[in-house]
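Here is the structure we will look at, set down as structure tokens.
The values are calculated or read from the model by the stated rules, or taken from the named source; none is laboratory data. Please read all numbers here as calculations on a predicted model, not as lab measurements. Note that each Cβ is placed from the backbone with ideal geometry, even for glycine, and that neighbours are counted across all protein chains shown. The protein model used for the area step is the full one, side chains on, heavy atoms only, and it has no ligands, DNA or RNA in it. Shrake-Rupley method; radii C 1.70, N 1.55, O 1.52, S 1.80 Å.
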Amino acid sequence: MPQKTTQRSSRAKNGRAKTRAKANPTLAVDLDPANRPGVPMETAPKPLAGARVPIAHQHAEVPVFKHAGRKEMPPVFGTAQPPKGLSGLLRKAAYAKPDHKPGHWMLLLLADRVDVWEHRLRRSLPWAAPSAAAFLAGGLMWRARSA
Amino acid sequence: MRALTYQGPYRVQVEEKPDPRIEHPQDVVLKVTRAAICGSDLHLLHGLVPDTRVGCTFGHEFTGVVEEVGKEVSQLKKGDRVVVPFNISCGTCFYCQRGLTGNCENSNPGSDVASGVYGYSHTTGGFDGGQAEYVRVPFADVGPMKIPDDMDDESVLFLSDILPTGYQAAEMGEIKGGETVVVFGAGPVGLFAMKSAWLMGAGRVVAVDHVPYRLEFARKFANVETVNFKEVGDIVLHLKELFEGRGPDVCIDAVGMEAEGSRAHRVLGLGLKLEAGAPTVIEWCINTVRKGGNVSIIGVYGPPWNFVPIGTAMNKGLTLRMNQANTRRYMPHLLEHIQKGRIDAKGVITHRFPLEQAPDAYHLFAQKRDGCVKCVLMPHGHA
Ligand SMILES: NC(=O)c1ccc[n+]([C@@H]2O[C@H](COP(=O)([O-])OP(=O)(O)OC[C@H]3O[C@@H](n4cnc5c(N)ncnc54)[C@H](O)[C@@H]3O)[C@@H](O)[C@H]2O)c1
Ligand SMILES: [Zn+2]
Ligand SMILES: [Zn+2]
């Protein structure tokens with residue numbers, strides 16, 4: 001149930017901060033910023049250990065989109081779930097816009113919904129087509145009889 | 001192989017799909033031993049990340065054994081056990097060279113917003129993820145870290161993401177010793193942010209969430225005070241009062257785009273998609289932190305925009321810091337913390353499942369049921 005907290009000296013659950021801090025044996029081992037791997041966040045430029053140049057260019061056997069704000073394909077990319085059908089066309093239109101345009105993102109969200117419907121349709125076709133045909137045939141027979 | 005696949009909002013299943021293969025000479029293929037489910041995966045599950053295609057395999061937090069090695073890979077060989085950072089980073093581009101591996105420009109054709117990420121839609125490069133029996137790992141000499149022989153996979157699994165992420169969140173808070181810190185979100189990322197705030201010398205750490213068992217977990221695991229925002233009237237006023245009427249020195253957003261707490265943002269962001277998710281916690285951070293204070297945003301938000309009180313931040317003289325985690329650079333340092341017993345990384349694991357039960361794991365984690373803090377999948381059993 002909602003409860004109003006008292007003012008000033010109010011403490012959150014779990015007691016007083018000072019005692020908590022003292023009870024904590026790992027307190028402040030990284031107090032010195034020199035012990036923090038991300039300080040400063042941006043370092044002087046230097047290749048990372050293990051890095052290799054030049055980076056060979058990956059070849060795609062399936063269509064892979066790059067957004068229009070980017071000049072070239074990066075050397076490495078994913079090739080999962082290549083674009084297909086109507087959702088694929090929508091995605092193509094989305095990537096024709098650079099990624100700072102809201103339209104790029106809105107079209108992608110639309111394509112995602114269409115993709116789901118396309119998959120549902122494709123999945124239901126094996127039984128949907130025969131049952132629709134049977135329904136149609138049944139309807140025709142009924143009409144013929146009652147005529 | 002068997003893999004988890006996305007089937008549309010709120011629906012995932014495990015199915016057969018082709019094994020991954022070497023597609024670039026710097027690739028390896030890993031046999032996945034552990035793959036965790038992350039709060040970020042929930043944004044995908046709920047259909048909030050643009051260009052999440054049906055069939056996509058999620059999973060960006062994993063360990064594995066090297067199965068196949070590309071021609072140009074020199075540091076890894078078949079049989080090596082590795083933990084892999086979630087960002088796919090080349091190690092040589094403008095950003096990687098400056099330590100910003102989370103911003104690598106050589107692994108994502110789809111957007112300049114982020115680097116390539118495993119199993120995180122085509123907006124981050126169109127790579128399949130690790131919630132599967134096998135996974136392709138590009139730039140294998142740069143990202144993956146070998147697991148020390150005397151350590152099991154689960155002890156280091158979270159070096160792949162949530163531990164460095166939580167650490168970076170605290171680091172971006174610029175704690176110099178004695179600061180008061182409020183961490184929004186008592187999920188795995190928030191928990192490690194709390195731990196890290198203590199490591200950096202915070203004077204007082206308060207966790208905010210609305211799930212009672214998670215607050216309870218935070219009290220035990222991270223030794224923090226807690227506030228349930230559903231049990232106090234106005235959370236901003238409540239927190240300001242806790243800190244002498246001014247608010248804390250540092251606020252950390254470890255919640256991201258699916259925050260509870262504001263009907264308006266949920267309707268606008270999650271319902272109507274007029275903004276990219278619910279930025280409720282950014283708003284709370286900006287309003288709660290003291291003037292001149294520091295807001296660190298590690299919760300994920302997407303493009304193109306959100307309604308956030310930037311004018312308030314300007315007038316209060318705040319420092320706002322944020323980024324994807326630059327995971328790789330934190331791994332050796334945090335490995336040492338784990339080895340020295342300063343952080344019990346695998347202590348956040350509450351549930352383990354075989355891969356076949358991944359959909360159940362997703363729903364358990366998404367609905368915050370059964371005391372779930374972190375779920376780990378075991379695609380090849382307990383080995
Ligand atoms: N920047 C990065 O590199 C990076 C990496 C990993 C995760 N993340 C992001 O961090 C966030 C948290 O991840 P997680 O795995 O801990 O997720 P999680 O879903 O387990 O935890 C989120 C917690 O926030 C709580 N919450 C919801 N609304 C809240 C509010 N208004 N105030 C306070 N708490 C609230 C939820 O109850 C939950 O306990 C996600 O957005 C995730 O995408 C970012
Ligand atoms: Zn993650
Ligand atoms: Zn790079």
Here is a check on your reading of the model: is residue B:263 within 14 Å of another protein chain (Cβ to nearest Cβ), more than 19 Å from the chain's Cα centre (by Cα), surrounded by fewer than 17 Cβ atoms within 10 Å (Cβ to Cβ) and modelled with pLDDT of 95 or more? no
Just to be sure I understand, how many residues within the stretch B:2-41 are acidic (Asp, Glu), more than 16 Å from ligand 1 (Cβ to nearest atom) and more than 9 Å from chain A (Cβ to nearest Cβ)? 3
So residue B:351, is it at the interface with chain A (Cβ under 10 Å from one of its Cβ atoms), out of contact with any Leu (no Cβ under 6 Å at 6 or more places or on another chain) and either under 24 Å from residue B:150 (Cα atoms) or open to solvent by 10 Å² or more (accessible area, probe 1.4 Å) (or both): no
Just one of the numbered conditions (1) modelled with pLDDT under 95; (2) closer than 30 Å to residue B:10 by Cα is not true of residue A:11; which one? (2)
Residues satisfying the stated conditions in the stretch B:101-124, i.e. of a type in the set (Val, Ile, Thr) and assigned to a strand (DSSP E or B): B:117
Test of understanding: among B:303, B:279, which residue is at pLDDT below 95, open to solvent by less than 40 Å² (accessible area, probe 1.4 Å) and over 28 Å from residue B:32 (Cβ atoms)? B:303
Looking at this structure, is residue B:248 closer than 21 Å to residue B:121 by Cα and assigned by TED's automatic domain parsing to the domain that holds residue B:316? no
Note: among B:205, B:135, B:182, B:156, just one is surrounded by 24 or more Cβ atoms within 10 Å (Cβ to Cβ), within 16 Å of ligand 2 (Cβ to nearest atom) and in a strand (DSSP E or B), namely B:135
Scan A:40, A:47, A:102 and give me the residue that is within 7 Å of another protein chain (Cβ to nearest Cβ), closer than 28 Å to residue B:172 by Cβ and in contact with a Gly (Cβ under 9 Å, 6 or more places away or on another chain). A:47
Qualifying positions in the stretch B:328-348 - open to solvent by 50 Å² or more (accessible area, probe 1.4 Å) and part of a loop (DSSP other than H, G, I, E, B): B:340, B:341, B:342, B:344
Flag if residue A:72 is loosely packed, with under 14 Cβ neighbours inside 10 Å, facing chain B (nearest Cβ under 7 Å) and either within 21 Å of the chain's Cα centre (by Cα) or free of Cβ contacts under 8 Å to residues at least 24 places away in the same chain (or both): no
Would you point out which residue out of B:276, B:313, B:222 is within 12 Å of chain A (Cβ to nearest Cβ), touching a residue at least 12 places away in the same chain (Cβ under 8 Å) and under 28 Å from residue B:176 (Cα atoms)? B:222
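Residues are listed down the side, and each one gets a yes or a no for (1) outside the structural domain of residue B:330 (by TED's automatic domain parsing); (2) in contact with a helix residue (DSSP H, G or I) (Cβ under 7 Å, 6 or more places away or on another chain); (3) within 30 Å of residue A:120 (Cβ to Cβ):
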| residue | (1), (2), (3) |
| --- | --- |
| B:10 | no, yes, yes |
| B:17 | no, no, yes |
| B:31 | no, no, no |
| B:39 | no, yes, yes |
| B:50 | no, yes, yes |
| B:84 | no, yes, no |
What number of residues in the stretch B:306-327 are within 22 Å of the chain's Cα centre (by Cα) and open to solvent by 60 Å² or more (accessible area, probe 1.4 Å)? 2
